[in-house]
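Below is one structure, written out as structure tokens, with a few remarks after it.
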Amino acid sequence: MKLTGFELRVIEMPLVSPFRTSFGVQTVREALLVRAVSDEAEGWGEGVAMNDPLYSSEYVEASVDVITRFLLPALAQVKDLNASGVAPALAKFKGHRMSKAAVELAILDAELRAAGVPLSRELGAVRDRVDCGVSVGIMDSIPELLDAVGGYLDEGYVRIKLKIEPGWDIDPVRAVRERFGDDVLLQVDANTAYHRGDARHLAKLDPFDLLLIEQPLDEEDLLGHAQLAKAITTPVCLDESIVSARAAADAIALGACSIVNIKPGRVGGYLEARRIHDVCVANDIPVWCGGMLETGIGRAANVALAALPGFTLPGDTSGSGRYYSRDITDPFVVENGTLRVPTGPGIGVTPDPDALEAVTVRTEWITF
């Protein structure tokens, strides 16, 4: 497959409602889409960097810059480039995993479309539908939270994740348990909002029989997570700390987690995500697929990944309507608590030109 060029497209997607976490509030998702064009097919990738460096050091404008100035020129020097060669060719550039993931997915999608192979099959999926969880942001009041959770349960979501932070943790969890009962699969996500000294406070979550507490401490504090895991009975899950298969292996060896959240953008792409999955399976560590408010492009790829055998817990693979009144692809719709795994070549979805144009801020074409 001979690549002829790349289109970088910055879009702005209004959210159906504000999404608040411990690091900020989003009302619009700004995102970078990458389109790889070859002489046989074209492919799409989605960058998950936010418009500000809050979740990670990456942000949209930095992604545009690093892809344009460094990543694509490096790939242009590779003879017979394919998706599996992207990561080795870009390894000399430190970090920027979300940017690398977007480029890799675009190339992988084009490659698989040309071959007529679905991404799910390429990754090793074993299911044609995946269970759907939903992430519920921090609310202004507990009654507002209960209304939101009730609505998602009515829509069929099989797992609820509550975002928490100091001052919004024990009482919201208690309220949800009291209203909806112990049978609801419930977990919490702190996005690094706590410190080692908060172990006694976080232990107050133990009576609520949570599936897990996600990334309670700073992403670099593996030792702190290992200590916390011994101090509480709620299983500790790592998110931001897991940036590669090696990082996952180290965290498991240290006892820093018993569950792993895999976000392909955070780890540099879907091929590295599969390697993390394999490491976790080999160590009997369950995994689930995290989300970054993706459009239908990233959501399609995430659903394909979530169909692998080690993904035994429901992920943040919500329906399109959870975040967007109009997606840029055909919407993903929750049916009986599940989403269908796309079966078409590549990621199995294609952006609608009118929907895409309506949210596009700017585009740039780079000849390869």
Do we have any residue at all in the range 41-52 that's more than 18 Å from the chain's Cα centre (by Cα), loosely packed, with under 15 Cβ neighbours inside 10 Å and not small (G, A, S)? no
For V267, are the conditions met, namely being farther than 14 Å from G315 by Cβ, at pLDDT 95 or above and crowded, with 19+ Cβ neighbours inside 10 Å? yes
Only listed residue being more than 18 Å from the chain's Cα centre (by Cα), under 25 Å from E214 (Cα atoms) and not assigned by TED's automatic domain parsing to the domain that holds L112, chosen from V303, V287, V281: V281
Criterion first (out of contact with any helix residue (DSSP H, G or I) (no Cβ under 8 Å at 6 or more places or on another chain) and either in the same structural domain as Q215 (by TED's automatic domain parsing) or within 23 Å of A301 (Cα to Cα) (or both)) does P73 satisfy it? no
Quick one: count up the residues across the range 260-283 that are under 20 Å from D131 (Cβ atoms) and among the charged types (D, E, K, R). 2
Show the residue pairs that are 6+ apart or on different chains and have beta-carbon atoms under 7 Å apart, the first residue being within the range 343-354 and closer than 18 Å to Y270 by Cα, the second being part of a loop (DSSP other than H, G, I, E, B) and aliphatic (A, V, I, L, M). P345/V117
Filter result for I242 (part of a helix (DSSP H, G or I), crowded, with 22+ Cβ neighbours inside 10 Å and either more than 20 Å from the chain's Cα centre (by Cα) or not aromatic (F, W, Y) (or both)): no
Within the range 57-101, restricting to residues that are in a helix (DSSP H, G or I) and among the polar types (S, T, N, Q), the one that is nearest to L123 (Cα to Cα) is S84
On the given criteria, is E12 surrounded by fewer than 24 Cβ atoms within 10 Å (Cβ to Cβ), of a type in the set (D, E) and at pLDDT below 95? no
Kindly indicate whether L293 is of a type in the set (A, V, I, L, M, F, W, C), touching a residue at least 40 places away in the same chain (Cβ under 8 Å), in the same structural domain as E272 (by TED's automatic domain parsing) and over 17 Å from E46 (Cβ atoms). no
Scope the range 125-162; condition surrounded by fewer than 19 Cβ atoms within 10 Å (Cβ to Cβ) and either closer than 25 Å to R275 by Cα or without any contact (Cβ under 8 Å) to a residue 12 or more places away in the chain (or both); matching residues: V126, R127, D128, R129, D140, S141, P143, E144, D147, G151, D154
When you go through S84, S141, S120 one by one, which is the residue that is over 30 Å from F19 (Cα atoms), of a type in the set (S, T, Y) and out of contact with any strand residue (DSSP E or B) (no Cβ under 7 Å at 6 or more places or on another chain)? S84
Among the residues in the range 349-368, are any in contact with a Pro (Cβ under 8 Å, 6 or more places away or on another chain) and surrounded by fewer than 14 Cβ atoms within 10 Å (Cβ to Cβ)? no
Scanning the range 301-313 for residues that are in contact (Cβ under 8 Å) with a residue 40 or more places away in the chain and touching a helix residue (DSSP H, G or I) at 6+ places or on another chain (Cβ under 9 Å), the one nearest to G137 (Cα to Cα) turns out to be V303
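The values are calculated or read from the model by the stated rules, or taken from the named source; none is laboratory data. Because the structure is predicted, anything quoted here is derived from the model rather than measured. Cβ atoms come from the backbone with ideal geometry, glycine included; neighbour counts cover every protein chain shown.
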